[in-house]
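Remarks on the structure that follows.
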Amino acid sequence: MYRDHKRPQLNAQLEGWLSQVQSTKRPARAIIAPHAGYTYCGSCAAHAYKQVDPSITRRIFILGPSHHVPLSRCALSSVDIYRTPLYDLRIDQKIYGELWKTGMFERMSLQTDEDEHSIEMHLPYTAKAMESHKDEFTIIPVLVGALSESKEQEFGKLFSKYLADPSNLFVVSSDFCHWGQRFRYSYYDESQGEIYRSIEHLDKMGMSIIEQLDPVSFSNYLKKYHNTICGRHPIGVLLNAITELQKNGMNMSFSFLNYAQSSQCRNWQDSSVSYAAGALTVH
């Protein structure tokens, strides 16, 4: 994790990024935000975190994809507290108990927990966004495995009742296209111009499908283009939870607020990762 001497520097960085962003979609019920190093995606993530309303948020579910361990279900942490340079975040043992009782979860080892950055990278931002109410909320970290579509549906149903509660916030951790030889992904639609334009076009196609809140279209898009969106399963779970609530007459909308790329790919030797930040609001 981080060391204490990083605290003032990190705090200033987070404040700087957040101060440059408008809060237009507050209060967000869910956000999608990237999990790369802050130098790459800190300013992008601010667009999502700025939509969080700390005065009403009491529980924050953080759904991150598993990068290192093969996992066919979802896993819960085995610790009580996550430390951040700003302050400690408490894991909600009551909700963990409810989730555990379903029999749908496994425990992640401490090693997995420490190695996995998809949740970790959201902790300082969560702490910063909630700073004004720092003793009044808990977190529910969930490591999401490589779920089948039917499992995404099951987990979506399970989480939908939590998503229905305005005092809950869902943070869905995902980067977008990982392009280049080191990611073994080199989709290129020449009609879009430069490679980075093709990547943007591909990502924005996926983003607009997410905005339509349709899990089936999103699955079909992934099958067709194989876009390397690392948080596709957490996104799938969120979309299925939303679908469940829409069936019960809840009216929601999602909009992306920012898109960025780590660098602009122009030839086959280049590589880049894309980032997108967006927010779900309930009307």
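Here is how the numbers come out for the structure above:
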| quantity | calculated |
| --- | --- |
| Only Lys, Arg (+1) and Asp, Glu (-1) charged, at Cβ; the range 108-167 dipole about Cα centre in debye | 260 |
| Protein accessible area in the chain, 1.4 Å probe - carbon and sulfur % | 47 |
| Nitroxide proxy distance, nm - points 7 Å out along Cα→Cβ at ASN248 and ARG182 | 4.5 |
| Chymotrypsin sites (Phe, Trp or Tyr not before Pro) restricted to the range 4-100 and DSSP loop, no more than 15 other C-beta within 10 Å | TYR87 |
| Solvent-accessible surface (1.4 angstrom probe) belonging to MET205, in square angstrom, nearest 10 | 50 |
| Exposed-loop-free span, longest in the chain, where trypsin sites (Lys or Arg not before Pro) count as exposed if DSSP calls them loop and at most 14 other C-beta atoms lie within 10 Å | 185-265 |
| Residues whose placed amide H lies under 5 Å from that of VAL171, excluding near-sequence neighbours | ILE31, PHE61, ILE62, LEU63 |
| Solvent-accessible heavy-atom area per residue, rounded to whole Å², over the range 231-283 at 1.4 Å | 39 |
| Accessible area in the full protein assembly, largest first, 1.4 Å probe, for HIS283, HIS133 | HIS283, HIS133 |
| Amide H within-cut-off set for CYS265, under 5 Å, with H built and near neighbours excluded | TYR196 |
| Residue-level accessible surface for GLU194, protein heavy atoms, 1.4 Å, Å² | 80 |
| The chain, relative contact order [Cα under 8 Å, separation at least 6], % | 28 |
| Relative contact order %, the range 1-75, counting alpha carbon pairs below 8 Å whose residues are six or more apart | 31 |
| Prolate/oblate/rounded call for the chain, Cα gyration tensor, a/c under 1.5 rounded | rounded |
| For the chain, size of Cβ-based charge dipole, Lys and Arg +1, Asp and Glu -1, in debye | 220 |
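The values are calculated or read from the model by the stated rules, or taken from the named source; none is laboratory data. Everything numeric in this text was worked out from a predicted model, so none of it was measured. Here the Cβ is made from the backbone with ideal geometry for all residues, glycine too, and neighbour counts use every protein chain on show. Just so you know, the surface numbers come from the protein's heavy atoms only, side chains and all, with ligands and any DNA or RNA stripped out. Shrake-Rupley method; radii C 1.70, N 1.55, O 1.52, S 1.80 Å.
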